[in-house]
Amino acid sequence: MSTRHRLLSLLVENHPGVLNKVSSMIRRRGMNITSLTVGETDDDSVSRMTIAIDVGRAQADQAVKQLYKLIEVVKISDITEDPIVDRELVLVKVAASRGDRSELLQIVEIFKAKIADVGTESMVLEMSGSEDQVETFLELVRPFGIREVARSGTVAMARGRDGLRLSSKHQGRGAGQQPDLEAADQKRRAAGVLVGD
Amino acid sequence: MTVQVTSTTALNGATPVVINEGDVVTGAEILLECLRREKVDTIFGYPGGANLWIYRHLPKFPDLHHILVRHEQGATHMADGYARAKRGTAGVVFATSGPGALNCVTGIATAQYDSTPLVVITGQVATVAVGTDAFQESDVIGVTMSIVKHSYLVQDIDSLPRIVREAFHIATTGRPGVVVIDLPKDIQNQKHAFHWPAEPVRLRSYNPTTKGNPLQIRRAAQLIDEAKRPCLLAGRGVLISQAEDELLELSRRASIPVGWTLLGTGTYPVGDELSLHMVGFMGAGYTNKSVLGCDLLIMVGMRADDRVTTKIDSFAPQVENIIHIDIDPAEIGKNVRPTLPIVGDARHVLGEIAKLVQPKRLDSWITQIDRWKEEHPIRYRTKTGVLQPQDVLKEMYRLCDSEAIVVADVGQNQIWGALWWDYRTSGLYLNSGGAGTMGFAFPASLGVKRARPEKTVWCVAGEGGFVMTMQELATAVHENLDVKIVILNNYCLGMVRQFQDDYYEGVRSAIDLHGAPDFLKLADAYGIPAWRTDRVDEVAGVLRSMQEHPGPCLAEFIIDPEANVRPIVPLGSGLPDFVEEIMEEGM
Ligand SMILES: Cc1ncc(C[n+]2csc(CCOP(=O)(O)OP(=O)(O)O)c2C)c(N)n1
């Protein structure tokens, strides 16, 4: 991933309009979103977003702090420098008549891609991998003639035990819970801002 | 012919009600009961098609005094003034959908920029009509998204009490701000059992840090102990958290001179040995000198925006250590990178630091500051026979005697008001610092008077800003809100004229305000007394008459149209480059 690229992972309340608030906040602070994915999690009150923004570290810190101010953002983590698994899915329709398919199939093989659809004039390939792998894959199939590309944007999570989860105290909404801000606090400390006890 | 419109309160359906747990009532009544339970005593509002069910039931709630404004922008500024004066209580606004809600936008931004708690309740078209471009539909949530702390579209009546509770909680805690509740018309008239969620509001995604980190606090005390030339700047956060006593205690104990931002005016007693004055773009020269010459800068409850820092790299570049204390972590490091950041409530953090610092007196630093005070005093040029704005303000402050609340508008009047501020008491100078909204002062001062009826309230404005919201004269008269309006009339948009003269190649363009109404006749039209003078020797008499008059009144002071705000850091320059008043003429 390029150096001017930061990857943020967010847990947000699964409410209508939250996506809009999150993306507007980033836009308003003059930052450019290069990829954004959102989906429900195992807890249906919470959605998870993965956002790639085209900024340096200091600006990303500011984005994290501003996003925390949105009442419906529960947790954020800047995972750019963390050990993570990141994946993007791409569908690419390639012009491929019978003659030159074998070379294309080799590329499919190497990238562990799949053939999602075959027609007489074209094929739809399906491939998933890190953003870099997706880029390389697209480069290699380009000479065959790309008709159409659809990319999902990146989803990511930390390797190992660490991760972005709500603790048991986060379950449900409304009365009685205290947010577990431990992980968030650590992030903010790392970002150079200390939080109270 | 006079037409008498009968008050509805005596009519049927206006008998005061008591709503108990489980009573089946309409959404409007649920809303009003929730407001009562949130201890709201005043609502600033304006009716229309999408909130008429609320107004239908309002007369049954006599504890909720409704002030009918003459423009919804006025309602938001009044609620803002009310909230600033009450300190800690949210101001409440009602407006209808579409144009009503959109008229609130400027006032919402004004309050939000200055961290003032408001709960703005807008009517919305019926649930089924939302999204159809129905008559008077506007996407209030969308329009206000970037200028509120939070907003709610009520989608089912069940959630209404919880939303109201959360709205007040969110508006008034942490860094205060504006919460909008958009309430569709059908839900206002839907019947439902009333249930009050009595338990305290806890939101898993909202938990502001109020207590400063003890380690950081200890480190701050240490830096203060080591500092030979400390300097503290106080922002509005100090007033919001009511940290003035802690500030004074810390400053005196550790011999720290204190200056303030425009919004921090009134955080520290002026004239105190350790008091500086306003900082920044139009701040006092000696404050700017102190910021540039200190070895430890402590910024408390402030954002360090460009009106404070001027050119960012000119702001305290030599200072060894900067401590930044704020309840909003996003403000720390945004503009100025501190060596020691502390997230927390100013009162708690300053109080804790004050307990830890070693008492000391920094004589040579104070002597240095006294020298700067002599070399760079706040001063103005008198001209024989021409009334200067400062003549008026100095006299007004003398009369105020550190007691009255002063609400300033935007422009030169605002800065003169801040520069000549001389109070020993705290929290009594209010203005729109973040948004700089012309037309703020007059409606805001009405809200202030409603919040603090025991206080004398002065509104200081230029004639440009005053006419932007002067329709609220009717509200002042109707509600008998005793506000003393001081108009500093220079027949032009003074601040703009000054900028054009100095920074836009001297071309005066679109600043001429001749044709402003005859303010005496205007006052007469509303039946309030008014005075006008352009003579220095009449100022005291006019101000005294205003002070003695029980009720709203107005005075127009015709001032020198060439009077400028000084000192000032020329646009594009840095803090050391402030330009001071040249004194030769008339001296
Ligand atoms: C709503 C709004 N429009 C425009 C401005 C830009 N502006 C800032 S100061 C100023 C001039 C104000 O003139 P006046 O109210 O007469 O006050 P003075 O500066 O003369 O004291 C203007 C136009 C503003 N701050 N707010």
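The values are calculated or read from the model by the stated rules, or taken from the named source; none is laboratory data. As the structure is a prediction and not an experimental result, all values here were calculated from the model. Methodologically, a virtual Cβ is constructed for each residue, glycine included, from the backbone with ideal geometry; neighbour enumeration extends over all protein chains shown. We work out accessible area using only protein heavy atoms, side chains counted, and drop any ligands, DNA or RNA first. Shrake-Rupley method; radii C 1.70, N 1.55, O 1.52, S 1.80 Å.
For chain B, the mean residue ellipticity at 222 nm estimated from helices alone is -10000 deg cm²/dmol, where every DSSP H run of n ≥ 4 contributes -39500 (n - 2.57) and the total is divided by all residues, rounded to the nearest 500. The range B:272-301 to the range B:463-504: how many Å between their Cα centroids? The range B:272-301 and the range B:463-504 have Cα centres spaced 30 Å from each other. Alpha-carbon geometry of the range B:508-587: the Rg and the Dmax are 17.8, 50 Å, given in that order. In summary, the lysines within cross-link reach of A:Lys93, defined as a Cα separation below 19 angstrom excluding same-chain residues under 8 places away, comprise A:Lys112, A:Lys114.
Taking chain B as a whole, the Cys residues whose C-beta sits 4.7 Å or farther from every other Cys C-beta are B:Cys34, B:Cys104, B:Cys400, B:Cys459, B:Cys492, B:Cys553. Computed from the alpha carbon atoms alone, the convex hull of chain B holds 164 Å³ per residue.
By a 1.4 Å probe calculation restricted to protein chains, B:Lys191 has an accessible surface near 140 Å², given to the nearest 10.
Note that the range A:85-151 shows a convex hull volume over its alpha carbon atoms of 68 Å³ per residue.
Computed as a quarter of the hull surface, the mean projected area of the alpha carbon convex hull for the range B:131-287 stands at 14.4 nm². Of B:Tyr286, B:Tyr113, B:Tyr526, B:Tyr268, the residue with the largest accessible area leads and the full order is B:Tyr113, B:Tyr526, B:Tyr286, B:Tyr268 (1.4 Å probe). Quote the charge dipole size of the protein assembly as shown about the Cα centre in Debye, to the nearest 20; the model charges only the Cβ of Lys and Arg (+1) and of Asp and Glu (-1). Roughly 1160 debye for the protein assembly as shown. When only alpha carbons are used to place a centre, the range B:408-425 and the range B:77-102 end up 24 Å from one another.
Of the accessible area of the range B:487-587, computed with a 1.4 Å probe over protein heavy atoms only, carbon and sulfur atoms account for 52 percent.
Just check the range B:8-193 against the gyration tensor rule for me: Cα atoms, a ≥ b ≥ c as the square roots of the eigenvalues, rounded for a/c under 1.5, and otherwise prolate or oblate depending on whether a/b exceeds b/c. Here the range B:8-193 falls in the rounded category.
Its residue count N fixes a reference of 2.2 N^0.38 Å for the protein assembly as shown, and the Cα radius of gyration divided by that reference is 1.07. Remark: the protein assembly as shown carries 41 Å² of accessible area per residue (probe radius 1.4 Å; ligands, DNA and RNA excluded). The listed residues B:Thr261, B:Thr172, once ranked by accessible area (1.4 Å probe) with the largest placed first, stand as B:Thr172, B:Thr261. Per the Debye formula on identical point scatterers at the alpha carbon atoms of the range B:12-70, with no solvent, log10 I(q)/I(0) at q = 0.19, 0.29 Å⁻¹ is -0.68, -1.46.
Coupling constants for the range A:145-160 follow from the phi torsions by the Karplus curve (6.51 cos²θ - 1.76 cosθ + 1.60, θ = phi - 60°), and in residue order they are x, 7, 8, 7, 10, 10, 10, 7, x, 7, 10, 8, 8, 5, 7, x Hz; glycine and proline get x.
Taking each of B:Lys289/B:Lys484; B:Lys86/B:Lys191; B:Lys334/B:Lys484; B:Lys86/B:Lys211 in turn, the alpha-carbon distance tops 29 angstrom for B:Lys289/B:Lys484; B:Lys86/B:Lys191; B:Lys334/B:Lys484. All Cα-Cα separations within the range B:32-129 were binned at 5 Å from zero, giving a P(r) of 3, 15, 25, 25, 19, 10, 3, 0, 0, each value a whole percent of the pairs.
Normalising the average separation of contacting C-alpha pairs (under 8 angstrom, six or more residues apart) by the number of residues puts the relative contact order of the range A:85-151 at 51 percent. Near the amide H of B:His66, within less than 5 Å, lie the amide hydrogens of B:Ile43, all on another chain or at least 5 residues away, with H placed in the peptide plane. With all projection directions averaged, the alpha carbon convex hull of the range B:401-536 covers 9.2 nm².
Run the numbers on the range B:41-182 and let me know its relative contact order in percent, using alpha-carbon pairs under 8 Å that are six or more apart. Once divided by the residue count of the range B:41-182, the mean separation gives 25 percent. The relative contact order of the range B:214-375, computed from alpha carbon pairs under 8 Å that lie at least 6 residues apart in sequence, is 30 percent. Hey, how many Å between the Cα centroid of the range B:183-206 and the Cα centroid of the range A:25-50? Between the Cα centres of the range B:183-206 and the range A:25-50 lies a distance of 27 Å. B:Leu31 sits with roughly 0 Å² accessible to a 1.4 Å probe, with DNA, RNA and ligands left out of the calculation.
Which shape class applies to the range B:214-375: rounded if a/c is under 1.5, otherwise prolate when a/b exceeds b/c and oblate if not, where a ≥ b ≥ c are the square roots of the Cα gyration tensor eigenvalues? Cα axes put the range B:214-375 in the rounded bin.
Ranking B:Asp23, A:Asp86, A:Asp117 by solvent-accessible area of protein heavy atoms (1.4 Å probe, all protein chains present), from largest to smallest, gives A:Asp117, B:Asp23, A:Asp86. Solvent-accessible area assigned to carbon and sulfur over the range B:8-193 amounts to 54 percent, based on a 1.4 Å probe. Accessible area per residue was computed with a 1.4 Å probe on protein heavy atoms; A:Arg151 scores about 100 Å². How much of the calculated P(r) for the range B:335-488 lies past 27 Å, in percent of all Cα pairs? In whole percent, the share of Cα-Cα pairs in the range B:335-488 beyond 27 Å is 42.
Excluding ligands, DNA and RNA and using a 1.4 Å probe, chains A and B jointly bury around 2900 Å² of accessible surface, summed across both partners.
Compute the Cα gyration tensor for the range B:249-335, then decide on rounded, prolate or oblate, letting a ≥ b ≥ c be the square roots of its eigenvalues: rounded whenever a/c is under 1.5, prolate when a/b is larger than b/c in the other cases, and oblate in all that remain. Cα axes put the range B:249-335 in the rounded bin.
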